[in-house]
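Just below is one structure, and these are the notes that go with it.
Where a number appears in this text, it was derived from the coordinates with a stated rule and is not lab data. Predicted model, so just to flag it, every value in this text is computed and none were measured. Note: ideal-geometry Cβ built from the backbone for every residue, glycine included; neighbour counts use all protein chains shown.
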Amino acid sequence: MEASEVAACWEANAETWTRHARAGYDLYRDAQNTPAFLANLPAVATLEGLDIGCGEGSNTRKLAQAGARMSAIDIAPTFILHAREAEAAEPLGIAYHLGDGMALPFTDTSFDFATAFMSLMDMPRQDLVLAETARVLKPGGFLQFSILHPCFATPHRKVVRDENRTVLAIEVRDYFRVTDGEIETWRFGAAPEHEKVRVEPFKVPRFHRTLSDWVNLIVATGFAIEQMHEPTVDAETARAMPYLDDTLVAPLFLHMRVRKPAARG
């Protein structure tokens, strides 16, 4: 799948995605994935940061609120439009750019750090986006990203429950089947039924890679792996928010922080 086709998919998703995410229907993001990501993020106050695949800008704003001087990029014009509207309504000094993460429109060594919240697995050439990120990072800078877990969010994933709706297992298949833009259709599960029926489902192109594929791409780019994290919920949270209880059994997300080598003295 070409980058232009990926862009068309995300542009078609962007209006409903923005409205539903801002209404609180993306529970995995708001209640688990983003809090865990930020809890493991090094201090970014006063640093120059880049958010790659920023969507409507919710997470970019959290980074700016933590004191970072943020730029952000996304391939979908409607996402950038809504992100800029939020910036105009409550300025945090964020510069949003329309563009492709595989060809970043920034000069070399522009940023102290970069983030990618759930975006890299949706890009056709992860090798290019990693190389571009390394290029725009200063020596010693880091990239922290989250992706669907390569081992537990394979092209086929099913949550197995008993008659009481208790999670028993996560069924996965096709782990080794590399996909090249295979379209998945879904809606935010927490959206009310009257909202689900009035909108088209999201069409999300997936570029599944194995865990070893990801590690080898990172190493080939020259990054050093600094931290890995697999978010889960505790039993109390699972009882309070059963929507997330599948992550008691196996993680849905993988977080990694990788660092560009420091300049030699």
The chain, relative contact order in percent, only Cα pairs under 8 angstrom and at least six apart counted: 20 percent
Nearest-ten-degree value, helix 211-221 long axis tilted from longest Cα axis of the chain: 10 degrees
Rh by Kirkwood over Cα pairs, then Stokes-Einstein D for region 3-259 at 1.002 mPa s and 20 °C, µm²/s: 114 µm²/s
Hits among lysines - C-alpha to C-alpha of Lys158 under 26 Å, sequence gap 8 or more where chains match: Lys196, Lys203
With Cα atoms, 0 to 90° folded angle of helix 77-89 axis to the chain main axis: 80 degrees
Calculated [θ] (222 nm, deg cm²/dmol) that DSSP helices of n ≥ 4 give over the chain, each run adding -39,500 (n - 2.57): -8500 deg cm²/dmol
Centre separation in Å (Cα based) which lies between region 139-205 and region 27-41: 16 Å
When the convex hull of its Cα atoms is projected in every direction, mean area for region 1-127 (nm²): 7.7 nm²
Virtual spin-label span in nm between His194 and Thr237, 7 Å along Cα→Cβ: 3.1 nm
Choice from Arg173, Arg125, Arg206 showing the highest fluctuation, given a GNM over the chain with Cα pairs closer than 10 Å: Arg173
Debye-sum result for region 28-82 in log10 I(q)/I(0), which assumes one identical scatterer on each alpha carbon, at q = 0.14, 0.18 Å⁻¹: -0.37, -0.61
